[in-house]
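Colleague: My questions all concern the structure below.
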Amino acid sequence: MNENNASTGSLLLAYIQFLTLRKYKETKPANAKKTVIEWYKHCNETSHFHKRSQMRLFTCNHCGQLLYFENSYCVNCHLSLGFVAERLDLMALEQGDNNTYTIWGEKHTTAYRYCKNHEYNVCNWLISASDDNPFCKACSFNRTIPDINKMEYRQRWSTIENAKHRLIYSLLRLRLPLVSKVKDVEKGLSFDFMADEKESEKRILTGHDNGLITLNIAEADDVEREMTRKAMDEVYRTVLGHFRHEVGHYYWDRLIDNSVHLEEFRQLFGDEQKDYSEALRLHYSNGAPANWNDKFISAYATTHPWEDWAETWAHYLHIIDTVETAYSFGLRVRPTVGGNTALLRADITIDPYDVEDFNEVLNRWFPLTFALNSLNRSMGLPDVYPFVIPANAIEKLLFIHRVCYAYHRNGQIAFAQPALQ
């Protein structure tokens, strides 16, 4: 992926390394012989931080340098980096023969090679050198990509791939059913990344159809996306948000339809058998009800139970991914002013992917987003999370987590038994 990402957060990484060095000086015995790098690696191997290093905050297993998920090159030790999907970790590599690599410092380890899309600087994931598939776990879902001979399209594709790789990471962490249409035409997932053709009046519409997610690559252009956001009177519109919403439709088919969860879904979201096309027509003609935010997480969620599910699902992924990041940084929220500051306090000490009761996540989410929104306002930027979650939407989020956790725990979907005639 784009190596500009390596320097984007250099100030942040430098500050964290400064804190590491300060901690080293505070705790290192006077006669200790460990260098700071050795001490840092020792902490990674022996402390709780080592367990957290596989979250959004990654460290180089060779030199201890802090890394971003998208990095394919360590700016400190200059080793190549690759993401191993089976480990959900970003690893420093030693180069072998025939463009193969092994994990640095590991003897008798698997030989890897980069995904074919690495040559276009849009992927840093690895595959086994013995695998016949040239594409990694994330890129194997691509059915259509833009014309990479057009530099503008290639730049948009890079933005799309960054978001899609983060999506696939989250789905792998949730341990949800995840297979491409190449292997399972009926139940698989695939992506079409397409551009509007100038000679055609027909626009490419972003959406989902039976496991095929289509994304208009114009969404990866900041100016065009912002114009669309304003035209549709939305408070939030991102490429990653699109992916999370559309994959929600896919997982309704995989986790809810004909399952034991369907009846509870209908109690919370409504009857999905309601005419979908007519519901869309009414929404775009009349808009959302005036009091929509009493029960729904967004105005668009009022359109139809399927859209309510997809919107709530997207927010579920927003929440767990952001809390995971906060957890990996060891964040705490401790307001120094305010009436009842206890309600605004939070220690992000849990991994949201491993928590059974999602209330534990939400109790930390609300103080965290208040702090994040306040920080953004201090920079003159829009709120990170410009939403208020009503009680009904909280119940829906809890339901989604119960469904995902049940699959995570059992590894299968419980289907409803057909009614006896």
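The numbers here are math on the coordinates, done by the rules we state, and not lab data. In this text, all values refer to a predicted model and were calculated from it rather than measured experimentally. Cβ sites come from the backbone with ideal geometry, for glycine too, and all protein chains shown count toward neighbours.
Colleague: Which of rounded, prolate or oblate describes the range 257-421 when judged by the alpha-carbon gyration tensor and an a/c cut-off of 1.5?
Modeller: Oblate, since a/c reaches 1.5 and b/c is not below a/b.
Colleague: Between ARG409 and HIS108, what is the label-to-label distance in nm when each label sits 7 Å out along the Cα-to-Cβ direction?
Modeller: 3.8
Colleague: Mind sorting MET232, MET91 by how few other Cβ atoms lie within 10 Å of their own Cβ, fewest first?
Modeller: Lowest to highest Cβ neighbour count: MET232, MET91.
Colleague: While we're here: Between ASN373 and ARG334, what is the label-point separation in nm under the 7 Å Cα-to-beta-carbon projection?
Modeller: 2.4
Colleague: If I take R0 = 56 Å and measure r between the Cβ atoms of TYR120 and GLU356 in this structure, what FRET efficiency does the formula 1/(1 + (r/R0)^6) give, to the nearest 0.05?
Modeller: 0.85
Colleague: Here's a follow-up. How much length would be gained if the chain were fully extended between ASP196 and PHE366, taking 0.36 nm per residue of separation minus their Cα-Cα distance, in nm to one decimal?
Modeller: 57.3 nm
Colleague: First check a/c for the range 53-107, with a ≥ b ≥ c the square roots of the eigenvalues of its C-alpha gyration tensor; if it is under 1.5, answer rounded, and if not, answer prolate when a/b is larger than b/c or oblate otherwise.
Modeller: Verdict is prolate for the range 53-107.
Colleague: Just to verify a number: FRET efficiency for LYS274 and TYR73, C-beta to C-beta distance, R0 = 56 Å, to 0.05? Could you put the intermediate results ahead of the total?
Modeller: Numbers: r = 51 Å, r/R0 = 0.91.
Efficiency, from the Cβ-Cβ distance: 0.65.
Colleague: Express in whole angstrom the spacing between the alpha-carbon centres of the range 170-198 and the range 206-234.
Modeller: If we compute the Cα centre of each part, the gap is 17 Å.
Colleague: Let me ask something else about it. Once both labels are modelled 7 Å past Cα along the beta-carbon direction, what's the GLU86-ASP383 spacing in nm?
Modeller: 4.5
Colleague: If you don't mind, there's one more thing I want to ask. Report the paramagnetic label zone for THR228: residues of the range 357-386 whose backbone N is under 20 Å from a point 7 Å from Cα along the Cα-to-Cβ axis.
Modeller: 386
Colleague: If you don't mind, another one. What full-extension length gain, to one decimal in nm, is calculated for GLU263 and LYS183 as 0.36 nm per residue of separation minus the Cα-Cα distance? Provide the component values of the computation, followed by the final result.
Modeller: Numbers: separation 80, 0.36 × 80 = 28.80 nm, distance 3.04 nm.
Between GLU263 and LYS183, full extension yields an extra 25.8 nm.
Colleague: Please arrange LYS150, LYS183, LYS198 by how many other C-beta atoms lie within 10 Å of their C-beta, fewest to most. Intermediate values should be presented prior to the final figure.
Modeller: Numbers: LYS150 12, LYS183 9, LYS198 6.
Going from least to most buried by this count: LYS198, LYS183, LYS150.
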